[in-house]
Amino acid sequence: MMRRVAIALLLLSMTLSAAPAQEPAKPPESVTVTGLKDVPPQVIDRFIDSYAAPTYLLDKMSRWEDGICPVVAGLRPSAVSFILERVKENAARVGAPVNGRANCRTNIEIIFTTTPQGLLDTVRRKYDGLLGYHSSSAQADKLAVVKRDIQAWYTTATKDIAGRVKVDNARSIGLGDANELAAALEFGGNSKLSHLGDGRRSVLYNVIVAINPDKLADREIGGLADYISVVALSQLTSLDRCQSLPSIINMLVPNCAAGADAMTPSDLAFLRGLYRMRADSTLRMQKDFIAYEMRRELSGN
């Protein structure tokens, strides 16, 4: 079962690291981030369009509804504790749920390894459901390729109005078509619940974040923790594009003038909008609501 793989992934991270992970630089004593004024609406719209990755099944944005329960492996205990606390603090800042129980089900694995492709090869072989939605072996192979120094893999699920949850996995249901899969789930009963939403929503079920410390030795641990927070709390469509608004995601985009070494007002406003939106509404309505929230927050209203 996928809910049992957290311990296995931790063991994998320790086994697959060919050398001890080099510690990122310590964070500065303080980070000051100022707000943005008079951001053109079209700039915010482009930012959201380049951030929001709809799920394959429902074509809606996913977010955490169960409290996040992260683990970190591959660093010294002091760095592990720092990143864990930073991710939880950032989640609380944007309104994402945090599971405070000591024995909570791990649902975010943050793994520092000098051999990330080896880690993903093992995930592909043993836990391919954690790679993300795919309906063929070829798609799974493509998903398992490590392309970035920090990369995330998302397992999403569909939740109906009664709170029933099924992981989005075409292979286990035997379907490769999204419409057939939606019908097979038998969710929601009345899909025309209202003009605002159909009662079905996409939720994050598990996220793996693999980080190659050899490529990031010059980065401060605070910035890395913020970057990890953003990719762990939201499923992003692009990490390689230089965003028009200042963003921590720009930190690893070459020659990007809007880079940052901490979460920015743009990042915080986007995530707060994500966690305030109506999760069962259409993708267009979700984006419009986030845009409204971002304009309001960035203008200081």
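The values are calculated or read from the model by the stated rules, or taken from the named source; none is laboratory data. As the structure is a computational prediction, the values presented were derived from the model and not from experiment. Positions of Cβ are generated from backbone atoms using ideal geometry, with glycine treated the same way; all protein chains shown enter the neighbour counts.
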Problem set entry | Criterion (crowded, with 20+ Cβ neighbours inside 10 Å and of a type in the set (A, V, I, L, M)) met by exactly one of Leu283, Leu271 | Leu271
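What number of residues in the stretch 266-301 are outside any helix (DSSP H, G or I), in contact (Cβ under 8 Å) with a residue 12 or more places away in the chain and over 22 Å from Lys159 (Cβ atoms)?
Pass one, the stretch 266-301, residues outside any helix (DSSP H, G or I): 277-282, 299-301.
Then drop every residue that is not in contact (Cβ under 8 Å) with a residue 12 or more places away in the chain, which leaves 277-282, 299-300.
Then drop every residue that is not over 22 Å from Lys159 (Cβ atoms), which leaves 299-300.
Counting residues in the stretch 266-301 that are outside any helix (DSSP H, G or I), in contact (Cβ under 8 Å) with a residue 12 or more places away in the chain and over 22 Å from Lys159 (Cβ atoms) gives 2.
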Problem set entry | Test set (1) at pLDDT 95 or above; (2) of a type in the set (D, E, K, R); (3) over 15 Å from the mean Cα position of the chain (by Cα) - Lys88 fails condition number | (3)
For this session: Provide a single number: the residues in the stretch 118-152 that are within 20 Å of the chain's Cα centre (by Cα) and surrounded by fewer than 16 Cβ atoms within 10 Å (Cβ to Cβ).
Result: 4
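Is there a residue being out of contact with any strand residue (DSSP E or B) (no Cβ under 9 Å at 6 or more places or on another chain), outside any loop (DSSP other than H, G, I, E, B) and not acidic (Asp, Glu) anywhere in the stretch 230-243? Spell out the reasoning first.
So the first thing to find is which residues in the stretch 230-243 are out of contact with any strand residue (DSSP E or B) (no Cβ under 9 Å at 6 or more places or on another chain), and the list is 238, 240-243.
Add one more test, that the residue is outside any loop (DSSP other than H, G, I, E, B), and what stays is none.
Checked against the condition, which is being out of contact with any strand residue (DSSP E or B) (no Cβ under 9 Å at 6 or more places or on another chain), outside any loop (DSSP other than H, G, I, E, B) and not acidic (Asp, Glu), the stretch 230-243 yields no hits at all.
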Exercise. Would you pick out the residues in the stretch 86-145 that are of a type in the set (Gly, Ala, Ser), in contact with a helix residue (DSSP H, G or I) (Cβ under 7 Å, 6 or more places away or on another chain) and without any contact (Cβ under 8 Å) to a residue 40 or more places away in the chain?
Worked result: Gly132, Ala140, Ala144
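For the structure I just gave you, tell me whether Ala258 is surrounded by fewer than 20 Cβ atoms within 10 Å (Cβ to Cβ) and not in a helix (DSSP H, G or I). Steps first, please.
Values: surrounded by fewer than 20 Cβ atoms within 10 Å (Cβ to Cβ): yes; not in a helix (DSSP H, G or I): yes.
It is true that Ala258 is surrounded by fewer than 20 Cβ atoms within 10 Å (Cβ to Cβ) and not in a helix (DSSP H, G or I).
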Exercise. Residues of the stretch 137-177 being of a type in the set (Gly, Ala, Ser) and modelled with pLDDT of 90 or more, which ones?
Worked result: Ser137, Ala138, Ala140, Ala144, Ala152, Ala157
Exercise. Within the stretch 178-208, restricting attention to residues that are touching a Ser or Thr at 6+ places or on another chain (Cβ under 8 Å) and farther than 25 Å from Leu130 by Cβ, which residue is modelled with the lowest pLDDT?
Worked result: Leu196
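Per-residue answers, yes or no, for (1) in contact with a helix residue (DSSP H, G or I) (Cβ under 9 Å, 6 or more places away or on another chain); (2) at pLDDT 95 or above:
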{"site": "Asp218", "(1), (2)": "no, no"}
{"site": "Leu233", "(1), (2)": "yes, yes"}
{"site": "Thr237", "(1), (2)": "yes, no"}
{"site": "Pro246", "(1), (2)": "yes, no"}
{"site": "Leu271", "(1), (2)": "yes, yes"}
{"site": "Asp280", "(1), (2)": "no, no"}
{"site": "Phe289", "(1), (2)": "yes, yes"}
Seminar exercise, completed: Considering residues that are within 29 Å of Asp288 (Cα to Cα) and part of a helix (DSSP H, G or I), the number found within the stretch 40-85 is 11
